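Student: Just dropping this structure here.
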């Protein structure tokens, strides 16, 4: 049987597209730390970026200014993503002020650490409300609009703690593990609608959250990490920027580990 040589058009190499011009992103918890780095990375790729804040809104104004300085549209929204009524208000304000959301990064999170013996119901409920139920409620407001328009990205910030557990963080580990199951399920439900849903599981990153850890505990973490250091927020942001890009359109339901080799999936 004769073979047909590929045409010149078929031979042409299509280069991956990483730019985000014309896209609008919303980053929850985007005023500091990992969220700030993500917001700035998406703006640097060309996206307009909205951010949410609760306790760090004085920092959100600075992030908004930096994004606008890149020539992008930006606004911040002060809402508690652990409160369903607040999320409805958030969605309305986002629609009015920055328009349709193409890229949703669910980054907002809290900790209420205690050993399980000492953990109270309030500590459990507070972490689950923000870190898991809040992600459900925020995503619910935006993902169907993405599907209707035929393009979207949902990126959930999980944690290495959701994969391997951590002493004193039963609530946080449960919420972050729940995010992984949530991610994989939505990926299946929305894959044919042009929306990818992925998660990133950071290891121990140099942020405000680590400031409460004793120096000896941080030293132990570094010693357990093959690359021998803590991660930087910009390294998580790089992963988000990739997954948000058109180049990542064939990746969905994936958990990207960015942890310096501390935990390696089989």
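Where a number appears in this text, it was derived from the coordinates with a stated rule and is not lab data. Quantities reported herein were computed from a predicted structural model and do not represent experimental measurements. Methodologically, a virtual Cβ is constructed for each residue, glycine included, from the backbone with ideal geometry; neighbour enumeration extends over all protein chains shown.
Student: What angle, in degrees between 0 and 90 and rounded to the nearest 10, separates the Cα long axis of helix 170-190 from the longest principal axis of the Cα atoms of the chain?
Tutor: 20 degrees
Student: On to the next question. Using the alpha-carbon atoms, what tilt in degrees (0 to 90, nearest 10) does helix 134-149 show relative to the longest principal axis of the chain?
Tutor: The helix 134-149 is inclined about 10 degrees to the chain.
Student: Give or take rounding to whole Å, what are the principal axis extents of the alpha carbon atoms in region 203-248, in descending order?
Tutor: 42, 23, 10 Å, listed from the longest principal axis down.
Student: Among the DSSP beta bridges whose two residues both lie in the chain, what percent are antiparallel, rounded to the nearest 5?
Tutor: 0 percent
Student: So what's the gap between the Cα centers of region 164-201 and region 47-123, to the nearest angstrom?
Tutor: Each part's Cα centre sits 18 Å from the other's.
Student: Take the Cα coordinates of region 84-211, assign each an equal point scatterer, and use the Debye formula without solvent to give log10 I(q)/I(0) at q = 0.11, 0.15, 0.16 Å⁻¹.
Tutor: -0.41, -0.74, -0.82
Student: If I model a spin label at residue 125 and residue 58 as a point 7 Å from the Cα along the Cα→Cβ vector, what separation in nanometres do I get?
Tutor: With each label placed 7 Å out from Cα toward Cβ, I get 3.1 nm.
Student: I would also like to ask the following. Sort largest first and round to whole Å: the equivalent ellipsoid semi-axes of region 65-123, each the square root of five times a Cα gyration tensor eigenvalue.
Tutor: 32, 15, 9
Student: Let me ask something else about it. Can you list, bin by bin at 10 Å, the percent of alpha carbon pairs in the chain, starting at 0?
Tutor: 7, 30, 36, 19, 6, 2, 1, 0
Student: Past the 17 angstrom mark, what percentage of all C-alpha to C-alpha distances in region 49-96 do you count?
Tutor: Across region 49-96, Cα pairs with separations above 17 Å total 36 percent.
Student: To the nearest 500 deg cm²/dmol, what mean residue ellipticity at 222 nm is calculated for the chain from DSSP H runs of n ≥ 4 alone, each contributing -39,500 (n - 2.57), summed and divided by the residues? Walk me through the intermediate numbers first.
Tutor: On the way: 10 runs with 114 residues, N = 266.
Mean residue ellipticity, 222 nm, calculated: -13000 deg cm²/dmol.
Student: On a 0 to 90° scale, report how tilted helix 57-69 is relative to the longest principal axis of the chain, with both axes built from alpha carbons and the result rounded to the nearest 10.
Tutor: So the inclination is approximately 20 degrees.
Student: Can you compute the modelled spin-label distance between residue 117 and residue 164, with each label point 7 Å from Cα toward Cβ, in nm?
Tutor: So the label points at residue 117 and residue 164 sit 2.5 nm apart.
Student: Which value does Rg/Rh take for region 167-254 over its C-alpha atoms, Rh per Kirkwood?
Tutor: With Rg and the Kirkwood Rh in hand, the quotient comes to 1.05.
Student: If you don't mind, another one. Separation between the residue 18 and residue 210 pseudo-spin-labels, each 7 Å from Cα along Cα→Cβ, expressed in nm?
Tutor: Modelled inter-label distance: 2.4 nm.
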